[in-house]
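Quick notes on the structure that follows.
The values are calculated or read from the model by the stated rules, or taken from the named source; none is laboratory data. All values derive from a computational prediction rather than experimental measurement. Here the Cβ positions follow ideal geometry from the backbone for every residue, glycine too, while neighbour counts run over all protein chains shown. In case anyone asks, the SASA skips ligands and DNA or RNA and just uses the protein heavy atoms, side chains included. Shrake-Rupley method; radii C 1.70, N 1.55, O 1.52, S 1.80 Å.
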Amino acid sequence: MEPFSIFSLGDCLLVSVQEEIDDRSIKSLTGLLGERVAEKNARAVIIDLHDVEIVDTFLAEHLAGLVSFLSLLRAKVMVAGLQAPVILTLIDFDIRLKGVGFALDVEQALAKLNR
């Protein structure tokens, strides 16, 4: 079983990451997400990380790659649900996720995308 789920929310896709994600799973996520964005002509992808306790350089680099990939498919990316320790880790390691919007939760992410 994959540590993520993909849901359709109108013209957006929601990716819920339930636990720490490994290299094989991130590749699987990238492939599945690319297919779903193309077939649904999704304008945006929300990546919900509220269950993820650690975002290290490994995950941050893969997220950055995923964002680049999705931007080629013309989909905006929002990251939702980052916990305070995760945000502090990103700041401490100077990890930047360019081209990504951030929201406290999925509801706020949808509101930002619909503006």
Worksheet item: How far is helix 23-40 tilted, in degrees, relative to the longest principal axis of the Cα atoms in the chain, given as a value from 0 to 90 rounded to the nearest 10?
Response: 30 degrees
Fill in: Sequence of Arg115, Arg43 from largest to smallest accessible area, 1.4 Å probe
Arg115, Arg43
Response to the item:
Of the candidate values (i) 15; (ii) 10; (iii) 47, the one computed for percent of Cα pairs over 26 Å apart from this structure is (ii)
Discussion item. On a full-extension model of 0.36 nm per residue, what is the gain between Asp51 and Ser25, subtracting their alpha-carbon distance, rounded to one decimal in nm?
Written reply: 7.8 nm
Worksheet item: Can you pull the percent of the stretch 9-56's accessible area that's carbon plus sulfur, 1.4 Å probe, other chains left in place?
Response: 47 percent
Item to complete: Per DSSP H run of n ≥ 4, the term is -39500 (n - 2.57); total these for the chain, divide by its residue number, and report the mean residue ellipticity at 222 nm rounded to 500 deg cm²/dmol.
Response: -14000 deg cm²/dmol
Fill in: Nitroxide proxy distance, nm - points 7 Å out along Cα→Cβ at Met1 and Leu73
2.4 nm
Practice prompt. For the chain, give the share of DSSP beta bridges that are antiparallel, in percent and rounded to the nearest 5; count only bridges with both residues there.
Written response: 30 percent
Worksheet entry | Lys, Arg +1 and Asp, Glu -1 on Cβ, resulting dipole of the chain about Cα centre, debye, nearest 20 | 760 debye
